[in-house]
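Student: Quick one: the structure is below, questions incoming.
The values are calculated or read from the model by the stated rules, or taken from the named source; none is laboratory data. Keep in mind that what you see is a predicted model, and the values were worked out from it rather than measured. When we count neighbours, we look across all protein chains shown, and the Cβ atoms used for this are built from the backbone with ideal geometry, even at glycine. Note: areas computed on protein heavy atoms with side chains; ligands, DNA, RNA excluded. Shrake-Rupley method; radii C 1.70, N 1.55, O 1.52, S 1.80 Å.
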Amino acid sequence: MILVSPEGDILDYVPDDGSVRWARDNRGRSVLVDNWGNIVATAMPANRDYARGDDYRPRRDRYRAVPGYPETNPDYFPPAPESDFGDDLTTSSVPEMREGLPGNIERQPLPDGDFGGSQPLPDFNGDDSAALPENGVDPNAEFVPGPKFEPAQALGKMSSAEITALQVFLDREGFSPGVIDGKKGSNVTKAIEAWQTATGETLDPNNADDILERLRLSGGLAFTTYEISAADAAGPYVAAIPDDYAQKAALPHLSFTSTTEMLAEKFHMDEAYLKEINPGVDFTIPGTIIKVVATGEKKTGKVAKILADKGRKQVLAYDANGMLIAAYPASIGSADTPSPSGTVTVERIALNPGYTYNPKINFQQGANNKVLTLQPGPNGPVGTVWIALSKPTYGIHGTPEPSKIGKTQSHGCIRLTNWDATELAKMTSAGVTVEFVD
């Protein structure tokens, strides 16, 4: 038997008596757990040959100093978990959220939003989901089948941390699972199927050791830490986003409503999940160090064709060679207001767009019967991106409600999370083909 650390390294020392205890994880494996509840090592059969050049980092190097937090400070280490080492105990394969704090935290404040109207307003109209077509949709439109993917392996019993690790890996690869929330769902399954098609590999989502190794190669562990800056705490924020469009139009901008909403979107997370893994934290205090997911670098490339798969509720992006390079969960049309069929093209792209409501062309929202201009912001009806299509009033855009993507319907347009829409927009240009398939 050998002792393997959560990072996959072989321990070359025996932990001191009293510093660890033996326990069993939910897979029946023997694990060493320290006084903070962290997995120190897992006892595994010595059935692998380890090369002399294998990376090795002893446990004493797992915790590094954080500016402003001396080792004598009681907050230097993450708090001890409240656990009886039951079913929620994760194995050495995927570390829990309670990881050591890294040194030299790289601050990543969101860019200041341009609410001064420098971005062009899209010449479309619609509700808070998307725009309705002026002349409706041809009910006799040809049925165009979408691509067929090999089914993904079903997800078995997995801890929240293991599911998060899987979601983070897919997000880094450009095959988005939507909001990262530590939960199973159709968006995760669709992302796996698209990734397998693009790479030609088969991904076992239940093999946590394999997912951990893939994370290591793509930028490191799934969880990291972030220090809330003064700019993060300052905003600008609005108290609330009203439902009525006239009240929306009266706001100077449609920005985030809280620090937690902003941070959740910054790290591609569900807001409730961000709060869950940071219990008792006041997110409004600058200097507070919180746990977040490590999303990695944005996907890059040049998109030549986009498939809007209405059946899968997924947008598929292909390069000039016909290779699938990215995929995003999407809300595409509905039974009452279906999206179009056939092929269109990208006309233009607007970042941080404003929004025009015109009840004479689209729908009646509340008692509003006049044209209204809504200011830009991530909580605007089309979020932070508008990719206009050659069919009037249709587009690919962001959303103020990322947790609903792929789970609800739109009014004809293609709705993505703000971060997915932004990533796609930066790989796309005018003239790119967009094909709606069923």
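Student: Looking at TYR357, is it over 27 Å from GLY235 (Cβ atoms) and among the aromatic types (Phe, Trp, Tyr)?
Tutor: Here the answer is no, as TYR357 does not meet what is asked.
The rows are residues; the columns are (1) more than 30 Å from LYS370 (Cβ to Cβ); (2) aromatic (Phe, Trp, Tyr); (3) at pLDDT 95 or above; (4) part of a loop (DSSP other than H, G, I, E, B).
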position: LEU166; (1), (2), (3), (4): yes, no, yes, no
position: LEU170; (1), (2), (3), (4): yes, no, yes, no
position: GLU193; (1), (2), (3), (4): yes, no, yes, no
position: ASP204; (1), (2), (3), (4): yes, no, yes, yes
position: ASP243; (1), (2), (3), (4): no, no, no, yes
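Student: Which one is modelled with the highest pLDDT among residues in region 408-417 that are over 15 Å from the mean Cα position of the chain (by Cα) and open to solvent by 10 Å² or more (accessible area, probe 1.4 Å)?
Tutor: Checking each candidate, the answer is THR408.
Student: Tell me which residues, restricted to region 172-191, are outside any helix (DSSP H, G or I), among the charged types (D, E, K, R) and touching a Phe, Trp or Tyr at 6+ places or on another chain (Cβ under 9 Å).
Tutor: ASP181, LYS183
Student: Of the residues in region 226-240, how many are touching a Pro at 6+ places or on another chain (Cβ under 7 Å) and surrounded by 17 or more Cβ atoms within 10 Å (Cβ to Cβ)?
Tutor: Qualifying residue count, region 226-240: 3.
Student: Moving to a separate point now. Do the conditions hold for ILE180, that is, is it in contact with a His (Cβ under 6 Å, 6 or more places away or on another chain) and modelled with pLDDT of 95 or more?
Tutor: When the stated conditions are applied, ILE180 passes them.
Student: Test of understanding: among GLY395, GLY431, GLY377, which residue is over 29 Å from GLU261 (Cα atoms) and either aliphatic (A, V, I, L, M) or out of contact with any helix residue (DSSP H, G or I) (no Cβ under 9 Å at 6 or more places or on another chain) (or both)?
Tutor: That would be GLY431, the only listed residue that is over 29 Å from GLU261 (Cα atoms) and either aliphatic (A, V, I, L, M) or out of contact with any helix residue (DSSP H, G or I) (no Cβ under 9 Å at 6 or more places or on another chain) (or both).
Student: Among (1) under 20 Å from the mean Cα position of the chain (by Cα); (2) surrounded by fewer than 21 Cβ atoms within 10 Å (Cβ to Cβ); (3) in a helix (DSSP H, G or I); (4) among the aliphatic types (A, V, I, L, M), there is one condition LEU263 misses while meeting the rest; what is its number?
Tutor: For LEU263, the exception is condition (2).
Student: Checking LYS391 against (1) basic (Lys, Arg); (2) buried (at least 18 other Cβ atoms within 10 Å of the Cβ); (3) assigned to a helix (DSSP H, G or I): exactly one of these is not met. Which one?
Tutor: All conditions are met except number (3).
Student: Pairs please, first residue from region 269-286 and under 20 Å from ASN187 (Cβ atoms), second anywhere and charged (D, E, K, R) and in a helix (DSSP H, G or I), Cβ atoms under 7 Å, 6+ apart in sequence or on different chains.
Tutor: Listed pairs, sorted by first residue: GLU271/GLU261.
Student: Just to be sure, is ALA250 on the phi < 0 side of the Ramachandran plot and surrounded by 15 or more Cβ atoms within 10 Å (Cβ to Cβ)?
Tutor: no
Student: It is to be established whether one or more residues within region 360-383 are touching a Gly at 6+ places or on another chain (Cβ under 6 Å) and without any contact (Cβ under 8 Å) to a residue 40 or more places away in the chain.
Tutor: yes
Student: I need a count of the residues in region 203-225 that are under 21 Å from ILE277 (Cβ atoms), open to solvent by 50 Å² or more (accessible area, probe 1.4 Å) and of a type in the set (A, V, I, L, M).
Tutor: Going through region 203-225 one residue at a time, the tally reaches 1.
Student: Restricting to region 303-333, name every residue that is open to solvent by 20 Å² or more (accessible area, probe 1.4 Å) and of a type in the set (Phe, Trp, Tyr).
Tutor: Scanning region 303-333 gives a single hit, TYR318.
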